[in-house]
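Here is the structure we will look at, set down as structure tokens.
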Amino acid sequence: MGKFKELYDYCQTLTPKVSRRHIEKKTLELTGVEQIKAMKTTLDTTICRGYFLSAKNKDHPIVKCFGGSNVIVLARDQNYCWERFVYTKELMHLFDSDDEPTDTADKFEKLLIDLEVPSATESPSEQIMSERKGIWMALACLCPEKSRVELGELRTKEHIDNYGIALKLRIPEQYVPLLFQPRYDVIINAIIDKAI
Amino acid sequence: MGQQLELAKKRLFDKDSLAVTNIKLFPGSNRDATADQFADQINKSISQIESGDFVEVDLDSEPEPK
């Protein structure tokens, strides 16, 4: 996750609206991944807004079609802000550490069950934790800290609301409150320091 | 477990299919979505890609609204 720290530091030099292209280029450079393709298919956005896929079988039509094994698939029918956020969150999975990939059928089944109903007895799996981390990583990339502090001050003075902030950042409004949670700094620092 | 989930597991992880090394999802707005419903969406999406029913996203050429 040291590489994510480098991405985070790079994003601090950017200003909203942070370009996905900049985030993507830096992510590929840091992870050594040659390319990642993005495409849109029809997905029911009440169920799934998108997904990240990395595949090994180079003879499979999908891998052949895109000349590489990493793809991000986005739902066709979602607005620009959602598309940006979903793309950025899925891109963060290029930073998944060795234990985090969903690389077996059992882990996949557990991941989907955890998405349906989190277990009350088991510790969260590495896979579901990386899903949650991806959201925070995307937020940190799309909202540089300087902007977050400035917008937070305006928000406190009620000179701007969540919708206005969402428009400035071009992220879904429902994620704006997360930027101003009291534990935001703790969470981001823990991700950067590989504590979680 | 559901039919769609079993199908997705084979399509994703069989060595002579995709042989996926990582898959992660962005859930939608329905908090009641089931594992089988997630799997159904993945299956439909993969079928679309396999039959050419997709649009490639090019971040360079896509006009970004101001």
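The values are calculated or read from the model by the stated rules, or taken from the named source; none is laboratory data. Since the model is a prediction, treat every value here as computed from it, not as a measurement. In this analysis, Cβ positions are derived from the backbone assuming ideal geometry, glycine residues included, and neighbour counts consider all displayed protein chains. What goes into the accessible areas is simple: the full protein's heavy atoms, side chains included, and nothing from ligands, DNA or RNA. Shrake-Rupley method; radii C 1.70, N 1.55, O 1.52, S 1.80 Å.
With Cβ to Cβ distances under 11 Å as the rule, what net charge do the other residues near A:ASP99 carry (K, R +1; D, E -1)?
For residues surrounding A:ASP99, the net value is -4.
Using 1/(1 + (r/R0)^6) with R0 = 30 angstrom and r between the beta carbons of A:CYS65 and B:ASP32, what's the FRET efficiency to the nearest 0.05?
0.30
How far is helix B:35-50 tilted off the main Cα axis of chain B, in degrees rounded to 10, range 0 to 90?
60 degrees
With solvent modelled as a 1.4 Å probe, how much accessible area in total do chains A and B shield from it at their shared surface, in Å² to the nearest 100?
Counting protein atoms only, the buried area is about 5000 Å².
Ordering A:ARG84, A:ARG49 by how much accessible area each has at a 1.4 Å probe, largest first, what is the list?
Ranked list, largest accessible area first: A:ARG49, A:ARG84.
Below 8 Å, C-alpha to C-alpha, sequence gap of six or more: please give me the relative contact order for chain A in percent.
Details: 220 pairs, mean separation 53.7, N = 196.
Here the relative contact order equals 27 percent.
So if I take the centroid of the Cα atoms in segment B:1-36 and the same for segment A:146-196, what is the distance between those two points in Å?
32 Å
Using a 10 Å cut-off around each Cβ of peptide A:112-122, what is the average number of partner chain Cβ atoms that fall inside? Let's see the in-between values first.
On the way: counts 16, 5, 1, 8, 9, 4, 0, 0, 0, 0, 0.
Across the residues of A:112-122, the mean count of other-chain Cβ atoms within 10 Å is 4.
I want the local charge near B:ASN30. Using Cβ-Cβ distances under 14 Å, sum +1 for each Lys or Arg and -1 for each Asp or Glu among the other residues.
Values: positive: A:ARG49, B:ARG31; negative: A:ASP44, A:GLU116, B:ASP32, B:ASP36, B:ASP40.
Around B:ASN30, the surrounding residues sum to -3.
So, R0 is 41 Å and r is the distance between the beta-carbons of A:LYS194 and B:ASP53; what FRET efficiency does that work out to, to 0.05?
0.55
How much net charge surrounds A:GLU126 when only other residues with a Cβ under 15 Å from its Cβ are counted (Lys, Arg +1; Asp, Glu -1)?
Every neighbour counted, the sum reads -4.
Please report how far the C-alpha centroid of segment A:3-80 lies from that of segment A:92-140, rounded to the nearest whole angstrom.
17 Å
Counting DSSP beta bridges with both partners in chain A, what percentage is antiparallel, nearest 5?
Of the beta bridges lying entirely in chain A, close to 50 percent run antiparallel.
Tell me which aspartates and glutamates have Cα within less than 12 Å of A:LYS40's Cα, excluding those fewer than 8 residues away on the same chain?
Excluding near neighbours in sequence, the set is A:ASP77, A:GLU83, B:ASP53, B:GLU56, B:ASP58.
Taking 8 Å as the Cα distance limit and 6 or more residues as the minimum spacing, I'd like the relative contact order of chain B as a percentage.
37 percent
Give me the inter-chain shielding for B:2-11: mean count of other chain Cβ atoms within 10 Å, whole number please.
2
Over all residues in A:87-93, what is the mean tally of Cβ atoms on other chains that come within 10 Å of each residue's Cβ?
The mean count of partner-chain Cβ atoms within 10 Å per residue comes to 2.
How much of the accessible area of chain A, probe 1.4 Å, is carbon plus sulfur, in whole percent?
On the way: 4330 of 8840 Å².
C and S atoms contribute 49 percent here.
So which of A:LYS26/A:LYS157; A:LYS107/A:LYS168; A:LYS17/A:LYS110; A:LYS5/A:LYS56; A:LYS25/A:LYS146; A:LYS37/A:LYS157 end up more than 32 Å apart by C-alpha?
A:LYS26/A:LYS157; A:LYS107/A:LYS168; A:LYS17/A:LYS110; A:LYS37/A:LYS157
Calculate the spin-label point distance for B:LYS44 paired with A:THR156, positioning each point 7 Å from the Cα along the beta-carbon direction, and give it in nanometres.
Here the modelled spin labels are 4.6 nm apart.
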